[in-house]
1. Within the range 69-93, how many residues are within 24 Å of the chain's Cα centre (by Cα), surrounded by fewer than 20 Cβ atoms within 10 Å (Cβ to Cβ) and of a type in the set (Gly, Ala, Ser)?
2. Going residue by residue through the range 6-28, is there one that turns out to be under 20 Å from MET166 (Cα atoms) and assigned to a loop (DSSP other than H, G, I, E, B)?
3. Out of ASP119, ASP59, ASP67, I need the residue that is closer than 23 Å to ASP31 by Cα, touching a strand residue (DSSP E or B) at 6+ places or on another chain (Cβ under 9 Å), assigned by TED's automatic domain parsing to the domain that holds SER154 and among the charged types (D, E, K, R). Which one?
4. Failed condition for LYS286, given (1) surrounded by 19 or more Cβ atoms within 10 Å (Cβ to Cβ); (2) free of Cβ contacts under 8 Å to residues at least 40 places away in the same chain, with all others met?
5. If PHE314 satisfies all but one of (1) under 27 Å from GLY415 (Cα atoms); (2) in contact with a Gly (Cβ under 7 Å, 6 or more places away or on another chain), what's the number of the condition it fails?
6. Can you tell me how many residues in the range 234-282 are part of a strand (DSSP E or B), out of contact with any strand residue (DSSP E or B) (no Cβ under 6 Å at 6 or more places or on another chain) and either in contact (Cβ under 8 Å) with a residue 60 or more places away in the chain or closer than 21 Å to GLN440 by Cβ (or both)?
7. Do we find a residue being within 25 Å of GLY109 (Cβ to Cβ) and either in a helix (DSSP H, G or I) or modelled with pLDDT of 95 or more (or both) anywhere in the range 55-64?
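The values are calculated or read from the model by the stated rules, or taken from the named source; none is laboratory data. Just so we're clear, the structure is a prediction, and the values are computed from it rather than from any experiment. Cβ: placed from backbone, ideal geometry, glycine included. Neighbour counts: every protein chain shown.
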Amino acid sequence: MQIDWQKEIDQRKDALLADLTTMLKIESVRDEKLGSKNAPFGPGPREALDKFLEIGKRDGFEVLDVDGIAGHLEYGTGAETMGILAHVDVMPAGKGWNTNPFEPVIKDGKLFARGSSDDKGPGMAAYYGLKIIKELGLPISKKVRLIIGTDEESGWRCMTHYFGKMPLPDFGFSPDAFFPLINGEKGNVSFNVDFQGGNGTGAKLLDFSAGLRENMVPRDAVAHISGIEFKKVKELLDRFANNKPIEAKTVEQDERIEISVVGKAAHAQEPKNGENAGTYLALFLKQVELGAGAKQFIDFAADYLHEDSRMDNFDLHFSDEIMGDLTMNAGIFSFAAAQGGRVTLNFRFPKGIGASQIEEALTRVAKGVNAQVNTTGKMQEPHYVSPEDPLVKTLLDVYERQTGNEGYGMVVGGGTYGRLLKRGVAFGAMFPGTPDTMHQANEYMLVEDILKAAAIYAEAIYELIK
């Protein structure tokens, strides 16, 4: 039976985009301050989970809500279960948008909204792929579960909770990355470096803040200082920002001076794709004669973190032939003169090195600036599925058949739900050559790519469960 998968998707284009728009309008950012027993990660993620399950129930799937933390849509029967693992939580929108990030808009064929490419767009594409198989009544021999998480952008507690109650699928993929296919993911661990507070007798750092999440390169950074002439600060800042890939400005506010820097946000899996506003601001403040804890906080950020995503300044540059480089992202900075400071660092590490070695290298440097290293309690080991696995081969065959392009596996620094399964990979939905706007302002996904990905998912799911 020959099926024109793209034609089937195109016939459902309006319905797909309508459902996706509904999902994108939900501001499903984690906010545990507003959390409750029924919505532990806040009302936004819960609303998005409810809406996805409601869509599935409308279309005749069996649905399960696991305590408002995760859920699934189920179809078919069989001894084996295939998992499709997606998430409906999104990163904070941040600044720099040209449109309302939660009012989806299509311009020049691009669907702009927070979550359009990470991961509501790909998740909905996978859902419609499965929906086509159901609506066509195609014969299948395995069960499929589209599993929905609500805490992927933070600690994955949704999946910990879900799989504490439900069995792991035998194999599957996450539509939360890139085509052709990701069969290797680096390990992931974060550490806090904590500093004492205080200032010297001259200029004073009152506070410093940058970054929203540890897995984002900070776009914005702000500091307030006192004890120095505003004119001098402005002259220094103008010279500093000249010919650098940042925007910087300073304003006088009564007895203090505000300095702000705008860089470029990016996903932590490759910090080189961004411009870290936090480390640039620290580099500038090195020119101000600070003292005590303030100086140590600034010196650490400027001398060790600025433009050092490979830990060269920590004597821990490491690379694996298959999985690539160890990377470091300085994701969150905070300092208050009375309380002290903290920098949260996120690491993506390949086979051959572990969290303990990273911690040792950090501790050696931290001692020199009177700081302490503390784990955040989050750690994932590297994950790898052989290119010879039938799962990998089947998915790449479908990709090649539908695109006419070469299929190949990749190793990345990002982490997807695919790593939760022993035979789990990440499969789309970003196509080669497409700009990566995940975690950035003006995030978008091409409508054409959403539809193309849905067609690929439909055939791939069918090939794996028929």
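1. 1
2. Going residue by residue through the range 6-28, those that are under 20 Å from MET166 (Cα atoms) are none.
No, the range 6-28 contains no residue that is under 20 Å from MET166 (Cα atoms) and assigned to a loop (DSSP other than H, G, I, E, B).
3. Working: ASP59 fails: closer than 23 Å to ASP31 by Cα; ASP67 fails: touching a strand residue (DSSP E or B) at 6+ places or on another chain (Cβ under 9 Å).
Answer to the check: ASP119.
4. LYS286 satisfies all of (1) surrounded by 19 or more Cβ atoms within 10 Å (Cβ to Cβ); (2) free of Cβ contacts under 8 Å to residues at least 40 places away in the same chain except (1).
5. (2)
6. So the count comes out to 1.
7. Step one: filter the range 55-64 for residues within 25 Å of GLY109 (Cβ to Cβ), giving 55.
From what is left, the residues that are either in a helix (DSSP H, G or I) or modelled with pLDDT of 95 or more (or both) are 55.
Yes, the conditions are met somewhere in the range 55-64.
Results for (1) under 30 Å from GLY137 (Cβ atoms); (2) surrounded by fewer than 21 Cβ atoms within 10 Å (Cβ to Cβ), shown as yes or no for each residue.
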site	(1), (2)
ASP31	no, yes
GLY35	no, yes
ARG46	no, no
LYS57	yes, yes
GLU62	yes, yes
ASP65	yes, yes
